[in-house]
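Take a look at the structure below.
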Amino acid sequence: MIIKKRAGLVRSTPNFVLFDKDLYGVKHIYDMQLEMICKNLLYQANGNIKLKNLFKIKMLQEQKRIWTSKCLGDLKLSTTTKNNWIISAIRILNTENIFLCDHELTKEKDTYMITGGKIDLIDLLEKKTFIKSASSRKNKRILFLENLLEADSSFMLKWKHMCKELGMNTKGRVPSWFKEIEK
């Protein structure tokens, strides 16, 4: 409205006239902020050696915090993190369907992903349960569905059998994430 008034345009002038790059070339503030977030992340990921190492460390820390084998650039992260602007920026870009990882195109595909199984538990659990259960699954070293299957991979282990196999105490409640997978 202010731009139309300053430009001497009628109030009923369509907005596309303002945003057309050949006419006035006005940009949305939100679009400019997204562009700056992308530039900052790409600069940090591809910058000098210190920035690059910092970026890798932050990504690995977050991957271990939510206990997943997948690359964080491919995930739709719904959780908020404190003191980690990289993950917050990735989350904002993911809401706009902008994903940063290109490891499918490069030789570094294995450096981002943890190997050891085919089906990650993030695919089986709800987002809310997945984040809440991260520390429990991490303590038990359970990352893939294959960790919960019997040796011949035909049936899922019972909780008590899995506890004995891991050398843990069988007393106590069965975790909600395990019950969700059992269903």
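The values are calculated or read from the model by the stated rules, or taken from the named source; none is laboratory data. None of the values given here were measured: they were computed from a predicted structure. Backbone-built Cβ (ideal geometry, glycine too); neighbour counts: all protein chains shown.
Here are a few things to note about the model shown:
- Residue list for the stretch 113-139, filter: basic (Lys, Arg) and either more than 15 Å from SER69 (Cα to Cα) or part of a helix (DSSP H, G or I) (or both): LYS127, LYS128, LYS132, ARG137, LYS138
- Taken as a whole, the condition of being in contact with an Asp or Glu (Cβ under 7 Å, 6 or more places away or on another chain) and without any contact (Cβ under 8 Å) to a residue 24 or more places away in the chain does not apply to LEU149.
- Taking the stretch 156-183 as the range and being in a loop (DSSP other than H, G, I, E, B) and modelled with pLDDT of 85 or more as the test, the residues that pass are LEU157, LYS158, ARG173, VAL174, PRO175.
- Breaking point among (1) under 14 Å from the mean Cα position of the chain (by Cα); (2) at pLDDT 85 or above, for SER136: (1)
- Residue, modelled with the highest pLDDT, within the stretch 100-112, restricted to residues that are surrounded by 13 or more Cβ atoms within 10 Å (Cβ to Cβ) and not in a loop (DSSP other than H, G, I, E, B): TYR112
- Sole exception among (1) surrounded by 17 or more Cβ atoms within 10 Å (Cβ to Cβ); (2) hydroxyl-bearing (Ser, Thr, Tyr); (3) in contact with a Lys or Arg (Cβ under 9 Å, 6 or more places away or on another chain) for SER176, by number: (1)
- Just one of the listed residues (ASN46, ASN15, ASN40) is outside the structural domain of LEU93 (by TED's automatic domain parsing) and not aliphatic (A, V, I, L, M), and it is ASN15.
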